[in-house]
Each structure stands twice: as C-alpha cells, then as structure tokens.
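Visitor: Take this structure, written in structure tokens, and hold onto it; I'll ask about it next.
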Amino acid sequence: MFERMGCAGLDYDTVPPIQLLRTSRRHLGANGVIVLLGDFWRPSFPMARFFDRNTRSPAGTAILAIEQQVPVVPFYGYRTRGFEHRIKFERPMFLYENFDSNERTEATNALNAVLEKIVVEKPAQWFYWFNADERWEANTVQKNGFDSQ
C-alpha cells in the first residue's frame, strides 16, 4: 500500500547499509519525510545505552538528523481499549544543534532516552521483537539490583 502511494520501504536486513544511507539522504534532500523504527537490535549495530545498559541500536536516525540537519519527531501509538488506538507526538529534537558528527553514539543515546520514557509511560504496550538476552551486552555488572558498567 505504501509503495503504491510512492513511499518505498527500505529494510535493514535486505538493503546494504550504504544504500540505506544514500537513499535516505536523497529523500531528505528532496524535503521527504522518513519514518524509522527506533527500537531495533542487530549484532552489527553500534554500541549504545538503553535503560542504562549496553546494547546495540541503529544509528541511522542520529546520522541523518545531524548530517542533514533535519528534526526528529518522536511518536508512538498505543492501544486505549479494544481496537481503539492513539498516536502521541513528542517535541521535535534538533540533534544537529546539540551533537557533532563525531557524537553519533551520544545522539543515539539521546534518542534511546526518549524511547525509555515512552516505554516507562506505557510499559504494557511495549512489544519487543527480540529476545532480551540478545539485546543486552554481557559486559554489564549488577550493582544494587541494577545493571551498570
């Protein structure tokens, strides 16, 4: 349906990273809008922090936001009851105003902090696609009941 409307999708698992980045840059350069799934994990993703634990997060949003100087508008949907849902939009984030291109990890962590807030706000609505044991890196140590470096 989206392709028929002119919205081509790009999949992390089937499209080479350089093609993802180039296609996204061109689209943003033509005033396009990109919707990215932020809560995603692959062993090849760069290190980041999520719920104060080491994990791997996609850096594409941070890269594009900083390099292309485009705002990121976090949003999420949640079920209110039955088949009724709401979409909530957060304030735009201007990562390029706060981070340089060499601070991608820090920018990704800022995006992950927004995702954390969303999960804490609606924890029963968080549907995680991967096994939790895959998500968290093994180099965390438990202190006072919490995992930390």
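Rule-based calculations on the coordinates, nothing more; no lab input. Model, not experiment: these values are computed from the prediction. Heads up, the Cβs are rebuilt from the backbone with ideal geometry, glycines too, and the neighbour counts pull from every protein chain shown.
Visitor: Are there any helices (runs of 4 or more DSSP H) wholly within segment 1-116 with 1 or more residues that are of a type in the set (Ser, Thr, Tyr) and surrounded by fewer than 17 Cβ atoms within 10 Å (Cβ to Cβ), and if so which?
Guide: Because the criterion is at least 1 residues that are of a type in the set (Ser, Thr, Tyr) and surrounded by fewer than 17 Cβ atoms within 10 Å (Cβ to Cβ), the helices (runs of 4 or more DSSP H) in segment 1-116 that meet it are 17-29.
Visitor: Still on this structure, I have one more. Just to be sure, is VAL15 without any contact (Cβ under 8 Å) to a residue 40 or more places away in the chain, touching a helix residue (DSSP H, G or I) at 6+ places or on another chain (Cβ under 9 Å) and under 24 Å from VAL114 (Cα atoms)?
Guide: No; evaluated as a whole, the condition is false for this residue.
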